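Student: The structure that follows is given in the form of structure tokens.
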Amino acid sequence: RVSGNQEEIIKLVVMREQARLRKDWGLADTIRTRLSDMGVTLFDKTSMWRSSNGLNGRIPSWSDLESGATPESIIATHSVRMDGMGGSLGECDPDMARTKALVQQREHARSLKDFDRADDIRNELKAMGVEVYDKEKMWRAKSGASGVVIGWRGNEGPTDLEIATLVVQREKARQSTDFATADMIRDELRTVGIEIYDKDKLWKSKDGRQAPVPSWLQIQGGSGGGAGNMGGSMAPQLQGMLPMGPGGNMTTAARGSAAATLQTQVVHAALAAARNPASAVRTLQMLQGSTGPGGRGHKAVPPSPEAQEALRFINNCQATGRMAQIAEVDWLVGIRERCRQNGDFASADALRSGLRSTLGVELQEKEKTWVARDGRHGAIPMWTNMPS
């Protein structure tokens, strides 16, 4: 539970931010001095406070205060967070608590697209000897401590990508007999409502989502469902799965299958790697232009502004881990149909790839419906019903 001293610190921290929000700089400075006299240092750049006895916590943002956050609600949140860590911040490792708080603050900054602040926090973590690995969804300290990285989404819970990536990281830890890390990942996922059932090789979330836990053979083959499986080792694995002709060479059909699969991989990589949506579309247009007789044979159509906006939205969802709402998926699907109607197949393919890989949305063209992994669904609009 939060001690009396901690309650006073949190109340003063919140009062100072409320004063700053009102631009009452005199009161803000007075409160800062009082906190300093109590042995509390404020780090405004990273939105953290730290006391001389090792306690630390988060400074609420102005958007938190404008949304109705009060000292009492922040104290209650602080108490729940500490209970989940097995005690008060003063009773656990203060460096571990500070690292977790900073990692969480960095994710909050990223969710607000405040990337300068996120970089500042990352640099502060590096100065502490902590490296953050976003693709692996993990952080590791020089001391040997480690933890998970889960995006800031309030009560929405982790995304499918985050869960899948951490499940793969746990399996890798178990395979290397690093059971401490494996248990840590399992416990961290449990605190956000994700249970792993090793006997059933399945994970389930409290909101009803579930998926299989990949086998070690699948993980070695690059199909474990985690991030970063686009490496150069994919081609030999692909070759091993295709039918072979005389002399150990791939058959013509196999080569066609390999080319199609590799092109799909490049489509995914182009979307994931390109921060500029227009460059992702140009890459796809080049791919489609190089497909030869099997390609569409249409002259490339430059991407429309709305297609670029849609791709930018998907990239932002990928960067922040944000889940798209039903209305937003409908909007993306509608733009993709307009791209197809206008002959902009590169943008249409980029949007389909982004919907599948980033948002977990499959398009079922024959049924004219879209279906998300969490069960949400909607209609793909008919061209005749779309505004011209």
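The values are calculated or read from the model by the stated rules, or taken from the named source; none is laboratory data. Computed from a prediction, not measured in an experiment: that's the story for all the values here. Glycine gets a Cβ as well: all are built from the backbone with ideal geometry, and neighbour counts include every protein chain shown. Just so you know, the surface numbers come from the protein's heavy atoms only, side chains and all, with ligands and any DNA or RNA stripped out. Shrake-Rupley method; radii C 1.70, N 1.55, O 1.52, S 1.80 Å.
Student: Among the numbered conditions (1) among the hydrophobic types (A, V, I, L, M, F, W, C); (2) open to solvent by 10 Å² or more (accessible area, probe 1.4 Å); (3) part of a helix (DSSP H, G or I); (4) touching a helix residue (DSSP H, G or I) at 6+ places or on another chain (Cβ under 8 Å), tell me where Ala327 comes up short.
Tutor: (4)
Student: Open to solvent by 60 Å² or more (accessible area, probe 1.4 Å) and of a type outside the set (Ser, Thr, Tyr): which single residue out of Arg34, Arg16, Arg58 fits that description?
Tutor: On the way: Arg16 fails: open to solvent by 60 Å² or more (accessible area, probe 1.4 Å); Arg58 fails: open to solvent by 60 Å² or more (accessible area, probe 1.4 Å).
Unique residue meeting the criteria: Arg34.
Student: Can you tell me how many residues within region 134-156 are within 12 Å of the chain's Cα centre (by Cα) and surrounded by fewer than 19 Cβ atoms within 10 Å (Cβ to Cβ)?
Tutor: Result for region 134-156: 5.
Student: Just to be sure before I move on: is Arg356 within 19 Å of the chain's Cα centre (by Cα), in contact (Cβ under 8 Å) with a residue 12 or more places away in the chain and open to solvent by 20 Å² or more (accessible area, probe 1.4 Å) in the structure I sent? It would help to see each step written out before you state the result.
Tutor: Working: within 19 Å of the chain's Cα centre (by Cα): yes; in contact (Cβ under 8 Å) with a residue 12 or more places away in the chain: no; open to solvent by 20 Å² or more (accessible area, probe 1.4 Å): yes.
Taking the combined requirement at face value, the residue does not satisfy it.
Student: Which of the following residues is at pLDDT 90 or above and more than 22 Å from Lys100 (Cα to Cα): Leu35, Leu21, Leu65? Outline the logic, then answer.
Tutor: Working: Leu21 fails: at pLDDT 90 or above; Leu65 fails: at pLDDT 90 or above.
Selected residue: Leu35, the only one of Leu35, Leu21, Leu65 that is at pLDDT 90 or above and more than 22 Å from Lys100 (Cα to Cα).
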